[in-house]
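Q: Pasting in a structure now, in structure tokens, and then I'll have a few things to ask.
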Amino acid sequence: MGMLNFGRLLLGGLALLAAAAVSPASAQDAAANYPNRPIKVVIPFGAGGGNDLFARLVGQKFSQLIGQTVVIENKPGAGGRIAAAYVLEQPADGYTIFVGASGVMSVAAAAFPNLPYHPTKSFVPLTMIANFPLIVVIPQDHPAKTVKELVEWAKKNPDKANYASTSPAFITATELLKLKSGMPGTMIPYKSSNEMVASVAGGQTLLAIIDGPPAMPMINGKKVRAIAVTGSKRSDQLPDVPSMAEAGYPDVNTQLWSGFFASAKTPPAIVAKLEDNLRKAISDAGVSQKLRQMAVNPGATPSAEFKAMIDKDIQGYIEVIKAANLKFN
């Protein structure tokens, strides 16, 4: 080996050692200076849906706490999977975070064996925004008054039996009702839960099993009628609406959630700062009150607890999907 080549190798090795020596300090500096520009929050559905409303509500308080502008970006498509993949393509520097819902995260992990991301391995679950039952809504003028009456009507009118959905989470909930009741129904896809409930109000679809935020204004405005909430308990916001258990279908007990996520490659110090400020924003009295008005339960769950919940959630959905023999494309 010539002296010149040896010198180049030596200098190259020294440069690598120097880079390795300064990289921890650089990471610490980046964390110490974080954030010094706007933070983007990516929503995997269209504007007006539950996750969008959650993000905008919490985002306002989070912006005040962390001292930077929060920019909301809606990226609907493929049940939210396009947005999840997009977030992971961005630099893992804490300036792009994701609002992941049950359908995009735990349900997708159970439904799609070749999913290109994993909710708790590709991402860091920062904190849960809220969890909530779903609401069964039908057109205001529909003759059915109960879930059992709706099931019987659909069996007699199978050509008119369809339902609105945006993601595997809503599909799973509705297909579970079909499985347990024998009700027919064809899925009609929409980009947001806001569009879902509008389709029911307009008579384009027979029903939707939907989250509270977009449903409550339409229920209160008598545009649609709520006939049940999933699970074994009534909703505080809908005290006159029976639970699915009371309606005769105790196994239709789907409970969904929404939360904030960052890329798993994000520096731990930045993750800690995001978690702390997001949890404070969700726990704010005004924010929590507005979340409850949307028929959801505020979260602010610690990151480790949120992760454990999601991993358990995935296993539960695997069991439901196998039992119902559901296939997703």
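The values are calculated or read from the model by the stated rules, or taken from the named source; none is laboratory data. Since the structure is predicted, the reported quantities are computational estimates derived from the model, not experimental observations. Backbone-built Cβ (ideal geometry, glycine too); neighbour counts: all protein chains shown. With ligands, DNA and RNA removed, areas are computed over all heavy atoms of the protein, side chains included. Shrake-Rupley method; radii C 1.70, N 1.55, O 1.52, S 1.80 Å.
Q: Which value, in Å³ per residue, describes the convex hull spanned by the Cα atoms of the stretch 60-187? If you can, show how the numbers build up before the last one.
A: Values: hull volume 19.3 nm³, N = 128.
Cα-based convex hull of the stretch 60-187, divided per residue, equals 151 Å³.
Q: For the stretch 107-123, in order, what is each residue's ³J(HN,Hα) by Karplus, 6.51 cos²θ - 1.76 cosθ + 1.60 with θ = phi - 60°, in whole Hz (x at glycine and Pro)?
A: Karplus values, whole Hz, x for Gly and Pro: 5, 4, 5, 7, 8, 10, x, 9, 4, x, 8, 10, x, 10, 10, 7, 10.
Q: While we're here: Give me the extension gain from Arg56 to Gln140: residue separation times 0.36 nm, minus the current Cα-Cα distance, reported in nm with one decimal.
A: Length gained, Arg56 through Gln140: 27.3 nm.
Q: Of all accessible surface on the chain at a 1.4 Å probe, what whole percent is carbon and sulfur?
A: Whole-percent figure for carbon plus sulfur exposure: 54.
Q: Also, quick follow-up: For the stretch 192-237, what relative contact order do you get, as a whole percent, if you take Cα pairs closer than 8 Å and at least 6 residues apart?
A: 32
Q: Which FRET efficiency, nearest 0.05, do Lys312 and Ala78 yield, Cβ-Cβ r, R0 30 Å?
A: On the way: r = 25 Å, r/R0 = 0.84.
That gives a FRET efficiency of 0.75.
Q: Before anything else, pin down the relative contact order of the stretch 226-329: Cα pairs under 8 Å, at least 6 apart, normalised by residue count, whole percent. Spell out each step's value before the answer.
A: Working: 78 pairs, mean separation 18.1, N = 104.
Computed value for the stretch 226-329: 17 percent relative contact order.
Q: Give the peptides 101-108, 171-178, 262-269, 297-304 in descending order of average Cβ contacts within 10 Å, highest first.
A: The most tightly packed comes first, giving 101-108, 171-178, 297-304, 262-269.
Q: When the Kirkwood hydrodynamic radius is evaluated over all pairs of different C-alpha atoms of the chain, what value in angstrom, to one decimal, is obtained?
A: 21.0
Q: Now a separate question. Relative contact order of the chain: what whole-number percent is it, with Cα pairs under 8 angstrom and at least 6 residues apart?
A: 25
Q: Whole number in Å², please: accessible area per residue of the stretch 282-323, 1.4 Å probe, ligands, DNA and RNA not counted.
A: That works out to 54 Å² for each residue.
Q: Another question, if that's okay. For Glu305, what accessible surface area do you get with a 1.4 Å probe? Give it in Å², rounded to 10.
A: Counting only protein heavy atoms, Glu305 exposes about 110 Å² to solvent.
Q: At 1.4 Å probe radius, can you tell me the per residue accessible area of the stretch 89-226 in Å²?
A: 36
Q: Charges on Cβ only, +1 for Lys and Arg, -1 for Asp and Glu, centred on the Cα centroid of the stretch 121-166; of Pro143, Ala161, Leu126, which one is farthest towards the dipole's positive end?
A: So the residue we want is Leu126.
Q: Evaluate E = 1/(1 + (r/R0)^6) for Gln289 and Lys322, where r is the Cβ-Cβ distance and R0 equals 56 Å; express this FRET efficiency to the nearest 0.05.
A: Working: r = 40 Å, r/R0 = 0.71.
After rounding to 0.05, the efficiency reads 0.90.
Q: In the stretch 208-329, if the dipole is taken from +1 on Lys/Arg beta carbons and -1 on Asp/Glu beta carbons about the Cα centre, which of Ile310, Thr254, Ala269 is farthest to the positive end?
A: The Cα lying farthest towards the positive end belongs to Ala269.
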